[in-house]
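Readers should treat all values here as calculations from the given coordinates under stated rules, not as data from a laboratory. Owing to the predicted nature of the structure, the values given are computational and were not obtained by experimental measurement. Every residue, glycine as well, gets a Cβ built from its backbone with ideal geometry; the counts of neighbours run over all protein chains shown.
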Amino acid sequence: MQAANKLITFVSMNFTFGKAYHLCGKKKIDAVFQGGVKIHGFPFLSYHLPQPKDDSTFKILVSVPKKFIKKAHERNYIKRCMREGIRKNKELLEELLLLKGFGLDIALVYVSRERKESIEIELKIVSHLKKIRNELQNQLN
């Protein structure tokens, strides 16, 4: 019965990307970078670490290093585009996490040296989230 309630919650999912989805805290962030599974898919590098949780959601850290993009307004633009792409396509991960009963901590780093447009960033985000989902399915099975 509880799984049916969770499924109803998933169907009525909203497309917000609030504080509940942000990965915060130095210890958690360090744990993701040190113990997480690394996936490279240009222009992103991600680390993800499954967490046994009751809420079955993911928390994500979005980073654009100053080393690669020098101008602050371009870094901010890329981070906004990354968050928007994640917000629109988060159901790719949430469905799997809901069914498996796990949470996921993700650190997503932009590693390209050039600024990409929002459409291209969103498409790359979708393909990267699919890679993470496939890798997670292999880990949890």
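Observations
- Taken along its three principal axes, the alpha carbon spread of segment 94-136 comes to 38, 18, 14 Å, from the longest extent down to the shortest.
- Theoretical FRET efficiency, 1/(1+(r/R0)^6), r = Cβ-Cβ of Lys19 and Glu91, R0 22 Å, to 0.05: 0.70
- Charged-residue dipole, Cβ positions (Lys, Arg, Asp, Glu), the chain about Cα centre, Debye nearest 20: 660
- Estimated 222 nm signal from helices in the chain, with DSSP H stretches of n ≥ 4 weighted -39500 (n - 2.57), rounded to 500: -16500 deg cm²/dmol
- Distance (nanometres) between label positions extended 7 Å along Cα→Cβ at His40 and Asn141: 2.6
- Note on segment 68-141: semi-axes of the ellipsoid equivalent to its C-alpha gyration tensor, largest first and rounded to whole Å, are 27, 12, 10.
- Taking Cα centre as origin and charging only the Cβ of basic (Lys, Arg, +1) and acidic (Asp, Glu, -1) residues, the dipole magnitude of segment 12-78 rounds to 400 debye.
- Whole-Å semi-axes of the ellipsoid equivalent to the chain (Cα gyration tensor, √5λ, descending): 26, 16, 14
- You can think of it this way: the chain between Ala31 and Lys71 has 11.5 nm of extra reach, that is 0.36 nm per residue less the Cα-Cα gap.
- Segment 38-138, relative contact order [Cα under 8 Å, separation at least 6], %: 44
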